[in-house]
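Student: Structure provided below as structure tokens; questions to follow.
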Amino acid sequence: MLEMLGITVLWTFLYGYIIVASIDFGAGFFSFYSKMRRQDHLINGVIERYLSPVWEVTNVFLIFFVVGLIGFFPDTAYYYGTALLVPGSIALVLISLRGSFYAFAHYGARENTVYQFVYGVTGLLIPASLATILTISEGGFISVEGERITLLMDKLLASPYSWAVVILALVSVLFISASFLTCYADKARDAAAAKLLRSFAIGWSLPTIFASFLVFFSIRTHNPEHFDNMLDMSWMFLLSLGCFLIALALLLKKRYYGWAFVFVMLQFAFAFFGYGASHLPYLLYPYITISDSVTSPQMGLALVIGFVAGLCLLVPSLILLMRLFLFDSKYVQGK
């Protein structure tokens, strides 16, 4: 019971990170992309008004998840800490570069194309590198010989499933971000920005659903046991598909962009929690399960209380941030 509560809290934090970070990462890429196409005058105002208040808080969800995962399940530090040394280090370097070049691009040399390029491209490379964690968790990419753990990079780079996850990470970031920014531009009553961002959202919608099916069926050959569990929870993935179709329909009809983004979040929520539930009891197939690696009951209870309290503090803080800045009528319109 304790381990289920712990993994549910952690998975919720990770889902929050995926949504918030995707908006942030995609916004940076669209900012650079529009500059290259000389359309930055249409959407950069909307993007900068969104990024300015939130870019520093994006990684809070990720920090909570990593600390909580090691706290609840100490064995993950031993296995993942060794296996993810290279991809994890790459992700940390990219996150550091992105934060630095955001400051350079927005508070210093605003017209410097190199700064915006680094900021935009790292926003796509970070989710691609972090997606390695989900790939490795399916098993087959780690060699354990006694106390020596080795990441099999050749198998990881040659695996169709690994590349399917990377593709899904990239297109999902762009779809989530474009869907939110369309809603944001519409609230700002910026018709030109909303039109362009809506075209981005529609353009990345079909690649997202295609990549989702690609991942779903590539698991069948890579980890048949997980695939069978996913079939048992197929109703969650069908609900995810239904939410996607509703969101796409609203975008095509050019109305209710706020509800469209809500359904995008529900689409990813059903798929993400369905994937997580079907992956249980394994945290790393076949080496770590939530029952074998869970911490002591006293420590686990303290962590649950601390993280639930943190979640109760973080969510209202984000709501307050949104009310004061992101969705304040005057701020949104740049007044």
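Student: Let's test the formula: R0 of 22 Å, r as the Cβ-Cβ distance of SER317 and LEU5. What FRET efficiency results, to the nearest 0.05?
Tutor: 0.45
Student: How far apart, in nm, are two points set 7 Å out from the Cα along the Cα-to-Cβ line at ARG220 and at GLU145?
Tutor: 3.5
Student: Can you tell me, using C-alpha contacts under 8 Å and at least 6 residues apart, the relative contact order of region 217-294 as a whole percent?
Tutor: Reported relative contact order: 28 percent.
Student: Between LYS155 and LEU239, what is the spin-label point distance in nm, taking each point 7 Å from the Cα along the Cα→C-beta axis?
Tutor: Those two pseudo-labels are separated by 3.5 nm.
Student: Going by C-beta contacts inside 10 Å, put VAL60, VAL171 in order with the fewest on the left.
Tutor: In increasing order of surrounding Cβ atoms, one gets VAL60, VAL171.
Student: Here's something else I'd like to know. List the residues whose amide H sits under 5 Å from the amide H of THR289, counting only those 5 or more places along or on another chain, with H placed 1.01 Å from N in the peptide plane.
Tutor: Hits under the 5 Å cutoff: LEU283.
Student: Show me the ranking of peptides 7-13, 263-269, 235-241 by mean Cβ neighbours inside 10 Å, starting with the highest.
Tutor: On the way: 7-13: 19.9, 263-269: 21.6, 235-241: 15.9.
For the peptides 7-13, 263-269, 235-241, the packing ranking is 263-269, 7-13, 235-241.
Student: Further question: Sorted from fewest to most neighbouring beta carbons within 10 Å, what does the list TYR33, TYR275 look like?
Tutor: Neighbour counts put them in this order, fewest first: TYR33, TYR275.
Student: Right, next: So, by mean Cβ neighbours within 10 angstrom, what's the order for 209-220, 126-137, 65-76, 18-29 with the highest one leading?
Tutor: Descending mean neighbour count gives 18-29, 126-137, 65-76, 209-220.
Student: Between beta-carbons, use under 13 Å as the cut-off and find the net charge around TRP259, counting Lys and Arg +1, Asp and Glu -1.
Tutor: Counting the neighbours of TRP259, the net charge comes to +3.
Student: What's the extension gain from ASP232 to TRP259 if we count 0.36 nm per residue and subtract their Cα-Cα distance?
Tutor: Value of the extension gain: 6.8 nm.
No value in this document is a laboratory result; all are computed from the given coordinates. Because the structure is predicted, anything quoted here is derived from the model rather than measured. Note: ideal-geometry Cβ built from the backbone for every residue, glycine included; neighbour counts use all protein chains shown.
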